[in-house]
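Below: one structure, written as structure tokens.
The values are calculated or read from the model by the stated rules, or taken from the named source; none is laboratory data. Since the structure is predicted, the reported quantities are computational estimates derived from the model, not experimental observations. Every residue, glycine among them, receives a Cβ derived from its backbone with ideal geometry; neighbour counts consider all protein chains shown. Accessible surface is based on the protein model in full, side chains and every heavy atom, while ligands, DNA and RNA are left aside. Shrake-Rupley method; radii C 1.70, N 1.55, O 1.52, S 1.80 Å.
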Amino acid sequence: MKNIVRELRTQREWSQAQLADLLEVSRQTVNAIETGRYDPSLPLAFGIAKLFGQPIETIFQSE
């Protein structure tokens, strides 16, 4: 699954650790999502979408 989490995070000038704290996950989880090694659970995907104020479909696209 492709995503634009890294782009959204860098636009806000947040570190991976800051985003992880906001989402209550580890920095490694954020890194794995950004690099496409891990697809987030549905609740986490909803949390990411809510945090960035974007629809899930805008942030995550199937390849």
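Using the Karplus equation 6.51 cos²θ - 1.76 cosθ + 1.60 (θ = phi - 60°), what ³J(HN,Hα) coupling, rounded to whole Hz, does each residue of segment 22-32 give in order, writing x for Gly and Pro?
Working through the residues one at a time gives 5, 8, 6, 10, 7, 4, 5, 5, 4, 4, 5 Hz.
Report which label in (1) 1.43; (2) 0.90; (3) 1.26 holds the value of Rg/Rh (Cα atoms, Kirkwood Rh) derived from the coordinates of this structure.
(2)
So, with a 1.4 angstrom probe, what is the percent of accessible area on the chain that is carbon and sulfur?
The nonpolar share, carbon plus sulfur, comes to 50 percent.
Mind checking the full-extension length gain between Thr58 and Tyr38? Use 0.36 nm per residue of separation minus the Cα-Cα distance, one decimal, nm.
Numbers: separation 20, 0.36 × 20 = 7.20 nm, distance 1.76 nm.
Fully extending the segment from Thr58 to Tyr38 adds 5.4 nm.
If you plug each phi of segment 2-11 into the Karplus form 6.51 cos²θ - 1.76 cosθ + 1.60 with θ = phi - 60°, what whole-Hz ³J(HN,Hα) values come out, in order, with x for Gly and Pro?
Whole-Hz 3J(HN,Hα) from phi for segment 2-11: 8, 8, 10, 4, 4, 4, 5, 5, 5, 4.
Using a 7 Å offset from the Cα along the Cα-to-Cβ direction at both Leu22 and Lys50, what is the distance between the two label points in nm, to one decimal?
1.4
For the chain, with every protein chain kept in place, what is the accessible area per residue (1.4 Å probe, Å²)?
64
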